[in-house]
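*Asks:* Just dropping this structure here.
The values are calculated or read from the model by the stated rules, or taken from the named source; none is laboratory data. Small disclaimer: the values here were computed from a predicted structure and weren't measured. Neighbour counts run over all protein chains shown; Cβ positions are idealised from the backbone, glycine included.
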Amino acid sequence: MAEQYSSFQRGGTRWVLQRLTAVFLIGVLAFHFMLLHFVNHAADITFLGTQARMSQVGYFATMWLFLVTATFHGVNGVYNALINMGLEGSRKRAVGGVLALAGLLLILQGTRVAIAMTNLL
Amino acid sequence: MSQSYDRGTIEDFGRWRDFSAGMWAWVFHKFTGWVLIGYLFTHIAVLSTATAADPTVYTNTISGLEDLLIVRLLEVGLLAVAVFHILNGIRLLFVDLGMGLTAQDKTFYLSLVLTGAIVVASVPTFVGGKL
């Protein structure tokens, strides 16, 4: 019989954001794989090639949004998986804080890396 | 008219032989999700070589990693994980929109078959190169 399993409480803000980011990530993750493994072979990636791509405003913006949405989607997914496994109370708040901090640091470092790759700024 | 069955707690992996297609989809989606977020942190760490003053550090790091067969094989694994997560994610989005719930077991099998086909077709591109 048809059954549905989800780690999320349907209808919540994080539930909606998880799905909205999923829609964006489906396209961008597939594009990322295609561009950097099939159009350009991974072994042939050079700093100059990366810089040429990252110096296009549209590409830079897409990759930065990719970083932010993937980080949110991944960290939010981990948080919900842990809640699903019974995390609650002060441990839930502590884990939520650590995950939020880890996500923020990843976005900051990813932004730093993206800026280093571009000559737009 | 759908009926519901008490299949027990999905986290009780000891009874995996009793898992239905939907439960396997849930387990695989969780597993692939954990791999992908783990990879994202690793990916940014490797790409951080771009912040070095000498641009050859970035180029040589990527080239050095791609020279290793084990890295290229792991990339095939990453592709498999990403493709399944994408296809099953599309399946979940449709179910959330109220479409395909009654065929959710078939669409799970379809996700697996398509993942297998895409990964097998991609092996030459990923593994080939500087052996």
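*Asks:* With closer than 29 Å to A:GLN51 by Cβ, assigned to a helix (DSSP H, G or I) and modelled with pLDDT of 95 or more as the only criterion, which of B:GLY116, B:GLY33, B:GLY38 stands out?
*Replies:* Numbers: B:GLY116 fails: closer than 29 Å to A:GLN51 by Cβ; B:GLY33 fails: closer than 29 Å to A:GLN51 by Cβ.
Sole residue among the options that is closer than 29 Å to A:GLN51 by Cβ, assigned to a helix (DSSP H, G or I) and modelled with pLDDT of 95 or more: B:GLY38.
*Asks:* Here is a follow-up. In the range A:81-98, which residues are facing chain B (nearest Cβ under 10 Å) and in a helix (DSSP H, G or I)?
*Replies:* A:ALA81, A:ASN84
*Asks:* Which pairs have Cβ atoms under 7 Å, sit 6 or more apart or on different chains, and link a residue in the range A:25-46 that is facing chain B (nearest Cβ under 7 Å) to one that is β-branched (Val, Ile, Thr)?
*Replies:* Here the result reads A:ILE26/B:ILE86; A:ILE26/B:ILE90; A:LEU29/B:ILE86; A:ALA30/B:ILE86; A:HIS37/B:THR125; A:PHE38/B:THR125; A:ILE45/B:ILE62; A:THR46/B:THR59, each pair linking the range A:25-46 to a residue that is β-branched (Val, Ile, Thr).
*Asks:* As an exercise: evaluate A:VAL16 against (1) part of a helix (DSSP H, G or I); (2) of a type outside the set (Asp, Glu); (3) touching a helix residue (DSSP H, G or I) at 6+ places or on another chain (Cβ under 9 Å) and give the number of the one condition it does not meet.
*Replies:* Only one criterion is unmet by A:VAL16, namely (3).
*Asks:* Out of the residues in the range B:46-77 meeting the condition of being within 8 Å of chain A (Cβ to nearest Cβ) and within 24 Å of A:LEU105 (Cα to Cα), tell me which one is farthest from the chain's Cα centre (by Cα).
*Replies:* For the range B:46-77, the residue satisfying everything is B:PRO55.
*Asks:* Before we move on, is A:ARG53 among the basic types (Lys, Arg) and surrounded by fewer than 16 Cβ atoms within 10 Å (Cβ to Cβ)?
*Replies:* no
*Asks:* When the residues of the range B:78-93 are narrowed to those that are free of Cβ contacts under 8 Å to residues at least 40 places away in the same chain and facing chain A (nearest Cβ under 8 Å), which ends up farthest from A:ASN119 (Cα to Cα)? Walk me through how you get there before you give the answer.
*Replies:* Just the residues of the range B:78-93 that are free of Cβ contacts under 8 Å to residues at least 40 places away in the same chain, to begin with: B:80, B:83, B:86-87, B:90, B:93.
Subset that is facing chain A (nearest Cβ under 8 Å): B:86, B:90, B:93.
Values: B:ILE86: 32, B:ILE90: 36, B:LEU93: 38 Å.
Checked the range B:78-93; the qualifying residue farthest from A:ASN119 (Cα to Cα) is B:LEU93.
*Asks:* Return the residue satisfying two criteria in turn: it lies in the range A:99-121 and is more than 11 Å from every other protein chain (Cβ to nearest Cβ) and part of a helix (DSSP H, G or I), and of such residues it is farthest from B:ALA82 (Cα to Cα).
*Replies:* By that ranking, first place goes to A:LEU101.
*Asks:* Hey, can you tell me all the residues within the range B:64-73 that are over 19 Å from A:PHE33 (Cβ atoms) and part of a helix (DSSP H, G or I)?
*Replies:* B:GLY64, B:LEU69, B:ILE70
*Asks:* With the condition kept exactly as written, say whether any residue in the range B:80-96 is among the polar types (S, T, N, Q), assigned to a helix (DSSP H, G or I) and within 19 Å of A:ASN76 (Cβ to Cβ). Write out each step before concluding.
*Replies:* Here is the first cut: in the range B:80-96, the residues among the polar types (S, T, N, Q) are B:88.
Still in the running and assigned to a helix (DSSP H, G or I): B:88.
Going one step further and asking which of them are within 19 Å of A:ASN76 (Cβ to Cβ), we end up with B:88.
Within the range B:80-96, one or more residues are among the polar types (S, T, N, Q), assigned to a helix (DSSP H, G or I) and within 19 Å of A:ASN76 (Cβ to Cβ).
*Asks:* Here's something else I'd like to know. Taking the stated definitions as given, is A:GLY49 at the interface with chain B (Cβ under 10 Å from one of its Cβ atoms) and of a type outside the set (Asp, Glu)?
*Replies:* In short, yes.
*Asks:* Looking at A:LEU29, A:LEU67, A:LEU101, A:LEU87, which one is over 24 Å from B:GLU75 (Cβ atoms) and surrounded by 16 or more Cβ atoms within 10 Å (Cβ to Cβ)?
*Replies:* A:LEU87
*Asks:* Would you check which residues across the range B:35-45 are without any contact (Cβ under 8 Å) to a residue 24 or more places away in the chain and either more than 28 Å from A:HIS73 (Cβ to Cβ) or at the interface with chain A (Cβ under 7 Å from one of its Cβ atoms) (or both) and list them? Steps first, please.
*Replies:* First, pick out the residues of the range B:35-45 that are without any contact (Cβ under 8 Å) to a residue 24 or more places away in the chain: B:37-38, B:40-45.
Within the range B:35-45, B:ILE37, B:LEU40, B:PHE41, B:ILE44 qualify.
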